[in-house]
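Please read the structure below before turning to the comments.
The values are calculated or read from the model by the stated rules, or taken from the named source; none is laboratory data. From a predicted model like this one, the values you see are computed outputs, not experimental measurements. When we count neighbours, we look across all protein chains shown, and the Cβ atoms used for this are built from the backbone with ideal geometry, even at glycine. Heavy atoms of the whole protein, side chains included, go into the accessibility calculation; ligands, DNA and RNA do not. Shrake-Rupley method; radii C 1.70, N 1.55, O 1.52, S 1.80 Å.
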Amino acid sequence: MAELANSQIFKDDPCRTPEERLWKAVLSQGVYEACTKRSQATPLSYGEMRSAAEWIDLTNRDFCTVCIYAGYDPRYIVRKTKGRINKWVPSGA
């Protein structure tokens, strides 16, 4: 799923402020961790992957804040990641 984190969704825009670029990197990393298959995500643990998958949620105030700071609509990010987020990560891990 690195292709999602590196896709046009997170295309670098020279008009963005340094702060927006920083928050975009935070958002991109969260999406990467939530969507990457376990075999490609080393050294991420199941717990880290589960936390990232749970983080991408419109009811999560932190997620919405990061999206806004990065210059993205949280609904857009959720829509683009829907179906790609790791649902197979065991909840007890």
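Observations on the structure shown:
- Each residue of the stretch 26-37 was assigned a 3J(HN,Hα) from its phi angle through the Karplus curve 6.51 cos²θ - 1.76 cosθ + 1.60 (θ = phi - 60°); the sequence is 5, 5, 4, 5, x, 5, 4, 5, 6, 10, 6, 5 Hz, with glycine and proline shown as x.
- Exposure ranking of ARG84, ARG16 by accessible area [1.4 Å probe, largest first]: ARG84, ARG16
- Accessible surface of ILE68 - all protein chains present, 1.4 Å probe, nearest 10 Å²: 110
- Heavy-atom accessible area ranking, 1.4 Å probe, most first, across TRP23, TRP55: TRP23, TRP55
- Accessible area of LYS37 in the full protein assembly, 1.4 Å probe (Å², nearest 10): 110
- Ranking LEU44, LEU58, LEU27, LEU22 by solvent-accessible area of protein heavy atoms (1.4 Å probe, all protein chains present), from largest to smallest, gives LEU22, LEU58, LEU44, LEU27.
- Simple Cβ-charge dipole of the stretch 26-81, Lys/Arg +1 and Asp/Glu -1, about Cα centre, in debye nearest 20: 200
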